[in-house]
Structure formats: structure tokens, C-alpha cells
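Each value in this text was obtained by applying a stated rule to the coordinates, not by laboratory testing. Everything quoted here is computed from the prediction, not taken from an experiment. Positions of Cβ are backbone-derived with ideal geometry, glycine not excepted, and every protein chain shown enters the neighbour counts.
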Amino acid sequence: MTYKYYFTLSVFFFLNIFSGVAQNSMEAGFQLLEKGQFAAAGIFFESYLKSDPENKTAQICYGRAIGLSGEPQKAIALFATMLETYPEDFEIQINYNESLLWDKQYEKAKPLYADLVADYPNNFGAVLGYANTLSNLKEYKEALLWVDKALSIQPKNESATISKKYMRLGYANQFVNQQLYDQGKQLLKDIFWDFPEDKDALLNLANVYLISKEVDSAKTTYLRYATSPKDSITALNGISLAAHIGEKDKKALHIARIAKSKVLKLKDPELTERTYDRYVQALIWNRKFKTAQEQIDSLESTNPQRKWILALKATLGLYTSNTKISIESYDAILTQDSTSFDGNLGKANALFAADQIENAYHAAFKTLEIYKNQKDAMGFIEKLNLMHTPNIEEHAAYTFDNGNNIAFYTNTKVDVSFSTKFRTTFSYLYRTTENTVTLNKANSHVLLAGLEYKLLPKTTLKTIFGLNNSRFMTTAYTQPVLDIKLQMQPYKLQNLNLGYQREVQNFNADLIEREIVMNHYSLDYNLGTNFNLGWYTQLMHTQQTDTNTRNLIFTSLYYTLLRKPTLKTGVNFQYITFKDQIPTIYFSPDQYKAIEIFIDVRGKFSKKTNFMASAATGFQQVEQDPQTAIFRTEASLQHQISKRLSANLYGKYSNIASATAAGFEFTELGVKLKWLLTKKPIFHTKLEE
């Protein structure tokens, strides 16, 4: 939101004070003051005082001229000296007070104005000066009361009415920063009583609608603003942003292109820059990265190191996972302007994308130091907090298959982060399973502890170790379990995981009875692109304690059709081979092949409710058996009950990996509850030091 402070008292007001005593020889100086030619007025009155150095009116006019032409401290010194000679003189007192405003010494001016209005409660200049002082101190509620008092003394006074407008703009901004959007909007609308269709009010009102994501109201407001060719371009730029916020990026780009074609006819450099800025942003929103890069290169060749172009480079870097370029660009912005909002919060986002979490925190804290209670900065910090706040998750599920096996399990997991680099997990899983035909029953108790440490940004070592106690009828055994994984991002848009897992087979009672331990060695690799195509591959070698071995390869080529909601489709291929075939105990073919097409959609029903659904179908072949159709599906619904409590309901079905002509069917229904144990991470206080 943009606004400014209007605190200079009307020159006309002072000329009226002096008119009864002014000599005709000073009339030319008065005219210069009235026209706002303060430097020339200063020269005039400086010359005049050489011939009449004690003339009080000339001294006051000289003080006003030099103060308003950029030398407020000289004016303050002059008026202070005059007060020593005329300590009770009202004209000198009020000019001295106003000179403090010119020098932005608002705290010092406040008590002086308070004393002045106590002595002269009906003096328009004193009352308006006090109102403007309060406004500059951002004490808008009181400022509006005092400006109304000034207007009761001089109704419809132009200076007071303009001051009131900017007080409302400032007060509205305070409400918006506190996310009290309705109060902010009402204050802006009140401006129209004095200034119908005021441009500043319309732009600020449209901005509030954008912040509160009322995109239709924002568009309507921008259309009201568009009353001239120049203002129409500004409106188009705003409507383009509104379309983006409304998740209509193609429309946003279409509008930005129209604005770009029109702005060249106006030959307005500042407006042209803003329009090209929006156009390149729209290209990035639409993932037209090559065109966006060409535009940035062209703009940079004629406008090197401009902040808005650096911001575009940084944004493109974030969208294309080139975080190094983003951080460098934001640093360049901050070198030019350390208080830049885009520079500070933009750098926080870039550091987060680069997995430099602690530095991202500090950049966001710095943003809030400059911009108190800023919504986006607070939201960013809350996002980081949610990732690191201690939490407990309860997961319960019921499963059944067409092999007459049923199972119920519950898993309780506690996650505690001690820093942005180190976290621990503790979990307890209980699983009971039964075959309804053989009446075989078994249960498992698995107790695990996990350690996770970030060795480097985008390089994390995860270790889970514990014990699995399984019981089958009258038999019981305890086995150690272990899961070690090294997660890396060696290059941008690439993920590589290396893992080892020691797992006890507990899918059904018959397998639990045999105490089969599996040692998995795995490699996962995912390659992303900036043109929506991705490729995921998993290789796994398993050695089992029954001397059998398994090799598995799974690869998936997928394409992102939509971003919001996220819609992906692709092709999966899976190949499995076992050294020994033991079909009467578990699925273990010499060769198993499956190919399927899938579709996956993820999005939001509302601000607090997310959904996910996926389905896949294709063909599978076990050894030399005829091909059979496969189908699997999964869906979940997650709801944020409160800031600290969320629930997830899900179900899934699969007939993949069938071993008989009748096929194998597996179904699972479950629920997850997650509760944040504290309001913030336990290391939050240390971060803020």
C-alpha cells in the first residue's frame, strides 16, 4: 500500500497572518512563497533582512523559505533564536513547531503542539499542526480527531481535508498490516466523501482486495481507476496480477500483453518499466522461462543493476530452481536498498529453496523488523515453524485381501526438531493380523528411534533403528530393524537417495511365523525439468534370511498437465525377479512385469481442506502366464481442524502383483491425526536472539 504524509501548513494561512503588517516591499517575497518557489523566496528575504535585520515578519518568512527548500535545521535554529527574543510570540512558536516536522522530529514536536493547542484551542494552524504531528507518528486515531477539530474551525479547508485523506490512507495501512481488511477498506472508502473516485484511494483499495484475494472486487476497482490512457495501463497491470492471484495465469499473460502493446504509445518511462515488469512476471507464472529470460536479458542490457530487473532475475531463478542466481540477485537489491521488502523477503524464500533454513529464518526476521506485522513475512515464518514444531502423529488402519487375511495396525510417532539441522523421531507400531480360514493369528510390536541430520544444504542423513517383536500363536521372537538413507540433490531439479533397510516381514500371520528378515539396498533417482516432464527410477536389491534374493526396478515417466490443482499423468514400468520361487508362502516369481498408465490429482477444496486422488491401470505378467489387467487407486482427504490439529482420511485398493488367475486384491482404510505439541519450534527463542 502506498501513501504519504501531508504536513506542511498552508502558505496562504501564514500570508493571511502577515498581510496586515506586511510592507509592500515584501510583496514579491510573499508571492514566491505562495507559488512554492521557496529557494527564490529564501534569496529574496535574505537580501531583505540585510536592510531590515530586525523585521520579525521577514525573519519568519525567511525561516519558512529555507526550511521548505531543504534546510530545516537552519530554520529550526532561526526560530529557536527568535523565541529567545519573543518567548510568548504565537507566530514564532507555531513556525518553530512546524520546522520540527520538516526535519522529521515528530516526537519533539508532539508535546510542543499539545501545549500550543491547550493555550490556543480554536487556532486552526495549531490544531492542524498537532493533527499532522500525530499522523506522522502514526497515531492515526487521535490524528483524525484533531483534524476534524481543525475542520470545525475552518470547514472545507483544503490543507486540512488533504491531511485527513492521507491520515485515512495511513490508518487503513495499519489495519491491513494487522489483517483487519474490512476496517482498512472502510477507511479508504470514506475518502470518497471528500474526494470522489480519488486515485490514491482506488489504488490502495484495489491493493487490499488483492491481499485479501477478493480478485473480482480488485478488478472492479481497477476499472474505476481507468479513466485515462495512462491510468488504463496501470489498471491492466493490476488486473493481470488479480488474474494470477485468482489462479488464471493464461488470462494474466493475455492482459499483460495488451498493456505492453499499449504502453509504448505513451512514452512514459516509469509506467513502461512497471508494465514490462508485470509482463515478464506473467511469462514466469506461465512457465515460459525461455521467453522470460530473453526479455530479462534485453532489459538488463539497457538498464543494468536496476532493482526491478534484479527482482525478475531472482523470481525466474526460484521458478527454475536456480537458487544461486536468486540469492545473488536479492543480495544485489539489498546492496542498493537494505530496507527493500522484495529484497529481504525474496532472499528469505530463496534461502529456503536452497535449503538454508536458519539463514531463511534470519532474513524473514529482518523483514519483520523493517515491516512490522507484514502478512507475507509472518506467513513465511509460520510455514518454517510448522516444519520444525514438535508433533505427534497417530496412524490407524484396517486392511484385508482376497487371501482371507485381515489386519489392524496403529502407529504412534513423535517428531522433535532440536535445530534446523537435527531432528529425532520416536515411534511405536502395533500390528495384529489373522487368516480367517486357517485361523492363524500373529501380532507385531515395533519400537523405533530415528535421527536425522542435515550434513549440508540439500544433503541429509536419516537413520532409524529399533526392535521388532513378533508373536505367532505360541512362538515369539525379537529382531533388530534398521533403516539408513542418504538424501541428496546433486544438481538442480535432481534428487538422489541411497538407502539400506533391515525389515521383518509382517504382512500376514504366515509370514510372521517364518521370521523372514529382508535386507534392502536401494537407489532412488528423480529428474525434474522446467518443461513439466519428470522421470523417477528406483533400483532395489533384497537379501532375505530364507536365502532368497529379489531384484526390483521401477521407473516412471510423468508429465504435469496442471499446476493448480496439480494434475499429473504418466507411465509406470515395474520388473521383479526372485532367485527362488516359493509361491505357496509368498509372491516370488522368476519374472514379473507390469506396465500401467496413471493419473494423479492434488488440490484444495477450501483453505483448510486438501484432497488427493490417484488411479492406475494396465497389464501385468507373472513369468509365462497370460497377461492380466491391473488396477489400483488411492484417495485421501486432509482437513486442518485448527492451527495445531489436522486429520487425514484415506483409502486404497490394488490388485497389482497377482500370482493366480483369480488375482490378488488388497484394500486399506485408515486415518491419521497430527497434533503440534507446542506453538513454535523449541529452538525458536534461540533463533530470535
Legend entry - region 404-442 residues near the modelled ASP625 label - backbone nitrogen below 19 Å, point 7 Å along Cα→Cβ: 404-405
Inset, instruction - May I ask for the angle, rounded to the nearest 10°, between helix 158-177 and the longest principal axis of the chain, with both axes built from Cα atoms and the value confined to 0 to 90°? - result: 20 degrees
Inset, instruction - Answer rounded, prolate or oblate for region 350-416, using the Cα gyration tensor with square roots of eigenvalues a ≥ b ≥ c: rounded when a/c is under 1.5, else prolate when a/b is larger than b/c, else oblate. - result: prolate
Legend entry - Approximate spin-label separation THR667-ASP52, in nm, with each point projected 7 Å along Cα-to-Cβ: 10.3 nm
Inset, instruction - Rounded to the nearest 0.05, what FRET efficiency do LYS686 and GLU382 give with R0 = 22 Å and r taken as the Cβ-Cβ distance? Could you check? - result: 0.75
Legend entry - Net charge over other residues, Cβ less than 13 angstrom from the Cβ of HIS520 (K, R count +1; D, E count -1): 0
Legend entry - Label-point separation, LYS643 to ASN373 (7 Å along Cα→Cβ), nm: 1.4 nm
Legend entry - Calculated [θ] (222 nm, deg cm²/dmol) that DSSP helices of n ≥ 4 give over the chain, each run adding -39,500 (n - 2.57): -14500 deg cm²/dmol
Legend entry - the chain: angle of helix 90-102 to the longest principal axis, Cα-based, in degrees nearest 10: 30 degrees
Inset, instruction - Give a residue-ordered list of calculated ³J(HN,Hα) values for region 471-481 (Karplus: 6.51 cos²θ - 1.76 cosθ + 1.60, θ = phi - 60°; whole Hz; x for Gly, Pro). - result: 10, 10, 6, 9, 9, 9, 8, 10, 10, x, 10
Inset, instruction - With 24 Å as the limit, write out which pairs from LYS250/LYS643; LYS138/LYS307; LYS607/LYS643; LYS165/LYS307; LYS366/LYS680 have Cα-Cα distances beyond it, or answer none. - result: LYS250/LYS643; LYS138/LYS307; LYS165/LYS307
Inset, instruction - With log10 I(q)/I(0) by the Debye sum over Cα atoms at q = 0.09, 0.10 Å⁻¹ in mind, check (1) -0.96, -1.10; (2) -0.73, -0.92; (3) -1.31, -1.27 and report the label derived from this structure. - result: (1)
Legend entry - Förster-model FRET efficiency, 25 Å R0, LEU527 and LEU498, C-beta, rounded to 0.05: 0.95
Inset, instruction - Classify region 206-259 as rounded, prolate or oblate from the Cα gyration tensor: take a ≥ b ≥ c as the square roots of its eigenvalues, call it rounded if a/c is under 1.5, otherwise prolate when a/b beats b/c and oblate if not. - result: oblate
Inset, instruction - Compute the distance in nm between two label points, each set 7 Å from the Cα along the Cα-to-Cβ direction, one at ASN404 and one at SER614. - result: 3.3 nm
Inset, instruction - Could you run the Karplus curve 6.51 cos²θ - 1.76 cosθ + 1.60 with θ = phi - 60° over region 357-363 and give me ³J(HN,Hα) per residue in whole Hz, x for Gly and Pro? - result: 5, 5, 5, 5, 4, 4, 5
Legend entry - Separation of alpha-carbon centers, region 448-474 and region 134-186, rounded to whole Å: 60 Å
Inset, instruction - Using only the Cα atoms of region 48-106, build the gyration tensor, take square roots of its eigenvalues as a ≥ b ≥ c, and label the shape rounded, prolate or oblate: rounded if a/c is under 1.5, else prolate if a/b is larger than b/c, else oblate. - result: oblate
Legend entry - FRET efficiency, LYS251 to ASP103 (Cβ-Cβ, R0 60 Å, nearest 0.05): 0.80
Inset, instruction - Please go through the residue pairs LYS213/LYS421; LYS219/LYS568; LYS383/LYS454; LYS324/LYS485; LYS108/LYS199; LYS454/LYS686 and name each one whose alpha carbons sit more than 23 Å apart in this structure. - result: LYS213/LYS421; LYS219/LYS568; LYS324/LYS485; LYS108/LYS199
Legend entry - Segment GLN591-GLU197, length gained on full extension (0.36 nm per residue, minus Cα span): 134.3 nm
